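Q: Structure below; questions to follow.
The values are calculated or read from the model by the stated rules, or taken from the named source; none is laboratory data. Note that this is a predicted model, so its numbers are computed, not measured. As a convention, Cβ positions derive from the backbone with ideal geometry for all residues, glycine included, and neighbour counts pool all protein chains shown. To get the accessible areas, we keep the full protein, side chains included, count just its heavy atoms, and leave off ligands, DNA and RNA. Shrake-Rupley method; radii C 1.70, N 1.55, O 1.52, S 1.80 Å.
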Amino acid sequence: GCAGGDDGGGGAGGSEDLIVGFSQVGAESGWRTANTKSIQGAFEDAGIELKFSDAQGKQENQIKAIRSFIQQQVDVIAFSPVVESGWDTVLKEAKDAGIPVVLTDRSVDSEDESLYESFLGSDFILEGEKAGDWVNTEFADADKVNIVELQGTTGAAPANDRAEGFRNKVTDPKFEIIATQTGDFTRAGGKQVMEAFLQANPDIDLVYAHNDDMGLGAIEAIEAAGLVPGEDIKIVTVDAVKDGMTALSEGKINFIVECSPLLGPQLVEIAEKVAAGESVEKRIVTEETTFTQEQAIEALPDRQY
Ligand code: AHR
């Protein structure tokens, strides 16, 4: 029954009967792996059945997964959209089927906000701005700073927004973004693009990588070119996963803006509420910080991911 209080499990009542469909982006980065673990673990702990689908970086796979969740009449659909655009049709299908949708980690650019119940995730523009703030301080005394940018997946909210936030702050004419290209949020992509950047540009001062993995790939390319990452070329990244934090503690990365992947427990709470027809906040912003080398050394021993 829906009377509530039958299981003491958070007020949604009968949440052990819930079925939630989740469509994940893929497994492109350390961040994503930690995010998947957090979500799967939280639903398991809550005793809620999770139908998990990996889109392998393809929007068409996510659309298929969502349609299949609709067909199976799951109680809630959650997903982390690979890219921002092109969701209206499938979201309308979910809405018409009466299945609430929760956006997790990444948003969509749909103008009709009634197509989803809630968006849980980071403020990616703010993350880009935090990276930009650090650059302004770090290069306060420089006359000319040549920046290369390793962008996330083309069309993804974190790529669009981290590019925008950074440019909001890095406005002094002494800064020049001399090259920008996607490395698809992967280590291999970051390495490959950085190799090309190094060949074309003899005088790079700073790498701004939209995630740790691409920054770690850039480190490999910089070292292979006989240069010292963190010294000859400074590096600022976003995420703060363990490998990134280790590189920061060693001085190979100079600054990391945190993006938390630990969204599972909050997603469970939201899913229980929307399934029970309770209202939820339309936008729930993840709390996160930034790390210097000293702060990374301090944080590393307790870092879970
Ligand atoms: O959407 C979050 C981003 O996706 C992370 O910053 C990146 O590492 C991941 O691939």
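Q: Kindly indicate whether E281 is under 30 Å from G98 (Cβ atoms), open to solvent by 50 Å² or more (accessible area, probe 1.4 Å) and of a type outside the set (A, V, I, L, M).
A: Spelling it out, E281 is indeed under 30 Å from G98 (Cβ atoms), open to solvent by 50 Å² or more (accessible area, probe 1.4 Å) and of a type outside the set (A, V, I, L, M).
Q: Which residues, counting only those in the stretch 35-60, are within 16 Å of the ligand (Cβ to nearest atom) and open to solvent by 10 Å² or more (accessible area, probe 1.4 Å)?
A: Matches in the stretch 35-60: T36, K37, S38, D54, Q56, G57, K58, Q59.
Q: Could you tell me which residue of the stretch 260-278 is surrounded by the most Cβ atoms within 10 Å (Cβ to Cβ), considering only residues that are of a type outside the set (D, E), more than 15 Å from the ligand (Cβ to nearest atom) and not in a helix (DSSP H, G or I)?
A: Selected residue: A276.
Q: Go over the candidates S110, S122, S80 one by one and state the one that is under 18 Å from A271 (Cβ atoms) and hydroxyl-bearing (S, T, Y).
A: S80
Q: If D105 satisfies all but one of (1) open to solvent by less than 10 Å² (accessible area, probe 1.4 Å); (2) on the phi < 0 side of the Ramachandran plot, what's the number of the condition it fails?
A: (2)
Q: So, in the stretch 61-85, of the ones that are among the hydroxyl-bearing types (S, T, Y) and in contact with an Asp or Glu (Cβ under 7 Å, 6 or more places away or on another chain), which residue ends up most open to solvent (accessible area, probe 1.4 Å)?
A: The selected residue is S85.
Q: Among (1) within 15 Å of the ligand (Cβ to nearest atom); (2) over 28 Å from A196 (Cβ atoms); (3) not polar (S, T, N, Q), there is one condition V257 misses while meeting the rest; what is its number?
A: Only one criterion is unmet by V257, namely (2).
Q: To continue, here is another question. Of all residues in the stretch 166-198, how many are out of contact with any strand residue (DSSP E or B) (no Cβ under 8 Å at 6 or more places or on another chain) and among the hydroxyl-bearing types (S, T, Y)?
A: The total comes to 2.
Q: V101 - would you say it is of a type outside the set (F, W, Y), closer than 18 Å to E278 by Cα and away from the ligand (no atom under 16 Å from the Cβ)?
A: yes
Q: Mind checking whether some residue in the stretch 122-136 is in contact (Cβ under 8 Å) with a residue 40 or more places away in the chain, within 16 Å of the ligand (Cβ to nearest atom) and within 17 Å of G183 (Cα to Cα)?
A: Yes, the stretch 122-136 has at least one match.
Q: Considering (1) crowded, with 16+ Cβ neighbours inside 10 Å; (2) out of contact with any Leu (no Cβ under 7 Å at 6 or more places or on another chain); (3) in a loop (DSSP other than H, G, I, E, B), say which one S110 fails and leave the rest.
A: (2)
Q: When you check N136 against the structure, is it surrounded by fewer than 23 Cβ atoms within 10 Å (Cβ to Cβ), assigned to a helix (DSSP H, G or I) and at pLDDT 95 or above, yes or no?
A: yes
Q: Let me confirm something: among Q24, Q73, Q40, Q56, which residue is on the phi > 0 side of the Ramachandran plot, within 23 Å of the chain's Cα centre (by Cα) and not aromatic (F, W, Y)?
A: Going through Q24, Q73, Q40, Q56 in turn, the sole match is Q56.
Q: Looking at the stretch 128-154, which of its residues are touching a Ser or Thr at 6+ places or on another chain (Cβ under 9 Å) and closer than 28 Å to L263 by Cα?
A: If the condition is that a residue be touching a Ser or Thr at 6+ places or on another chain (Cβ under 9 Å) and closer than 28 Å to L263 by Cα, then K130, A131, G132, D133, W134, E149, L150, Q151, G152, T153, T154 are the ones that fit.
Q: Among helices (runs of 4 or more DSSP H) lying entirely in the stretch 142-249, which contain 2 or more residues that are farther than 25 Å from V108 by Cβ, without any contact (Cβ under 8 Å) to a residue 60 or more places away in the chain and open to solvent by 50 Å² or more (accessible area, probe 1.4 Å)?
A: 187-200, 212-224
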